[in-house]
Amino acid sequence: MARTDNESSDYDLIVSLVHERSRIRLHDGKQALIRARLGKRMRALGFATFHEYCQHLRAGADEQERIRVVDALTTNFTSFLREQDHFEFLVQKALPSILPTRPGPFRIWSAACATGEEPYTMAFYLADWFPPAAGWDWQILATDISTRALETAAAGIYPESRLTAVPKEWQRRYFQMGRGDWAGQYRIKQSISQRVEFRGLNLLDHQPFTHSFEVIFCRNVMIYFDRATQSQLLRQLRAHLLPKGFLFTGHSESLNGMSSALRCLQPSIYQST
Ligand SMILES: C[S@@+](CC[C@H](N)C(=O)[O-])C[C@H]1O[C@@H](n2cnc3c(N)ncnc32)[C@H](O)[C@@H]1O
């Protein structure tokens, strides 16, 4: 069915708002997704049509609502132990190759952490391989542009269905099982959550860190950016890596030819030179 002029310019408005803030390009064919994700907001605010809602956004006064639009449309898919080989490489090869043998502090950044499964998975591995009780003092900084995703991440409560990939032993050791009204919900234990700090951050903004990281995970987000934005982001990530530090990208994200300052060890795993 042909779209009216209003509809076209409404979708264009949303597409350019999301692109301007996140560099995610919602291609043609995403209209149904846009309607589904924004429909609930539209109704909650009492707008009868999508066009009215867009007129409200166009007026520009409601910055919170514009943030919500970006939130609703940036895909937050993630899972515990996603691309598991990265975590194994992290604890078995990467960290042992750069950390001193005497236990001490180190830092990891989970850039684009979504609802928290990635940084918590890191923390489970680190707790086993670099136990704080032995003197290892690691911290994970986990950031994302989506405030909605970060709320879930910081709460650290997940339904049982999200834990299928988590070994039973880790479920017992690192989660508290809900009872009564909370039955079927699992909460990350404090021994883990106290080592993960969540913060809102747009990867395309200046990154205000005063320190560098031994390891950065920036997985399954660059795929949404155009090549020029990817290059710019890579320069920033590299600037926040310690010498010999490691960068992990998503399995389907290749940085081939994009940075001479990062050596490719295997697809999706890079080391700063
Ligand atoms: C598909 S999830 C990836 C989650 C996790 N890294 C993983 O691999 O499972 C992509 C995340 O990138 C975030 N994101 C998109 N654009 C961003 C930006 N410009 N700055 C920071 N985060 C962004 C989204 O909010 C979403 O949570």
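Values computed for the structure shown
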read-out: Of all residues making up the range 88-120, the number that are in a loop (DSSP other than H, G, I, E, B), away from the ligand (no atom under 16 Å from the Cβ) and not basic (Lys, Arg); value: 5
read-out: Residues satisfying the stated conditions in the range 188-208, i.e. in contact with a strand residue (DSSP E or B) (Cβ under 8 Å, 6 or more places away or on another chain) and touching a residue at least 24 places away in the same chain (Cβ under 8 Å); value: Ile188, Arg195, Val196, Glu197, Phe198, Arg199, Gly200, Leu201, Leu203
read-out: Unique match (being touching a helix residue (DSSP H, G or I) at 6+ places or on another chain (Cβ under 8 Å) and farther than 30 Å from Ala165 by Cα) among Arg66, Arg43, Arg37, Arg82; value: Arg66
read-out: Restricting the range 121-139 to residues that are surrounded by fewer than 17 Cβ atoms within 10 Å (Cβ to Cβ) and either basic (Lys, Arg) or part of a loop (DSSP other than H, G, I, E, B) (or both), the residue that is nearest to the chain's Cα centre (by Cα); value: Pro131
read-out: Among the candidates Ser97, Ser16, Ser8, residue that is among the small types (Gly, Ala, Ser) and within 25 Å of Ala133 (Cβ to Cβ); value: Ser97
read-out: Filter result (more than 16 Å from the ligand (Cβ to nearest atom), charged (D, E, K, R) and free of Cβ contacts under 8 Å to residues at least 40 places away in the same chain) within the range 49-87; value: Glu52, Asp62, Glu63, Glu65
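Where a number appears in this text, it was derived from the coordinates with a stated rule and is not lab data. Keep in mind the model is a prediction, meaning the values are calculated, not measured. Here the Cβ is made from the backbone with ideal geometry for all residues, glycine too, and neighbour counts use every protein chain on show.
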